[in-house]
Amino acid sequence: MSAFAHGDHDLAPERVAELVGDDGWEIIDVRESYEREAGHIGGTRHIELERLASESETIDKDRPLVFYCRLGARSGMAAQAFRSSGWDAYNMCGGIAEWAQKGLPLEPEDGVVADH
């Protein structure tokens, strides 16, 4: 579990898989572009962690958010920061590495989890 894990603010990859495509939720990949290109969760938005603060105005405060990264540390920081600023934000625990390990789908079809 990530050093930034907060139990009730962490969602398992299986739960996030249920939320993909649910218009009530926004799922944001905070990894770098090359990581996203190697493989990502379909139907999610990409905002690199370093640009997240400057892009915050484009993120709907009325919808809950799930952040994900490779292992959960960067997304844990993002979730913590957004929660402290008033968003209903969550972290996908274990990141996309755990997502892939559980056999959940990546895009493109031959997508992989890139090293950070």
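Bear in mind these aren't lab numbers, they're just calculated from the coordinates by the rules spelled out. These numbers come from a predicted model, not from an experiment. We place every Cβ from the backbone using ideal geometry, glycine too, and count neighbours over all the protein chains shown.
Apply the Karplus parameterisation 6.51 cos²θ - 1.76 cosθ + 1.60, with θ equal to phi minus 60°, to every residue of region 29-36 and state each ³J(HN,Hα) to the nearest whole Hz, in sequence, with x for glycine and proline.
Residue by residue, region 29-36 yields 8, 9, 6, 6, 4, 5, 5, 4 Hz.
For the chain, build the charge dipole from Cβ charges (+1 Lys, Arg; -1 Asp, Glu) around the Cα centre, then report which of Ala79, Val30, Ala100 sits farthest towards its positive end.
It is Ala79, whose Cα lies furthest towards the positive end.
Place a +1 charge on the Cβ of each Lys and Arg in the chain and a -1 charge on the Cβ of each Asp and Glu, then give the dipole magnitude about the Cα centre in debye, rounded to the nearest 20.
It works out to roughly 340 debye.
Pairs of Cα atoms under 8 Å, at least six residues apart: use those to get the relative contact order of the chain, whole percent.
After rounding, I find 36 percent.
List every residue whose amide H lies under 5 Å from the amide H of Asn91, counting only residues 5 or more places away in sequence or on a different chain, with H placed 1.01 Å from N in the peptide plane.
Here the answer is Asp10, Leu11, Phe67, since their amide H atoms fall under 5 Å of that of Asn91.
For the chain, what does the equivalent ellipsoid look like in terms of its semi-axes, each the square root of 5 times an eigenvalue of the Cα gyration tensor, given largest first in whole Å?
Semi-axes (√(5λ), whole Å): 20, 15, 14.
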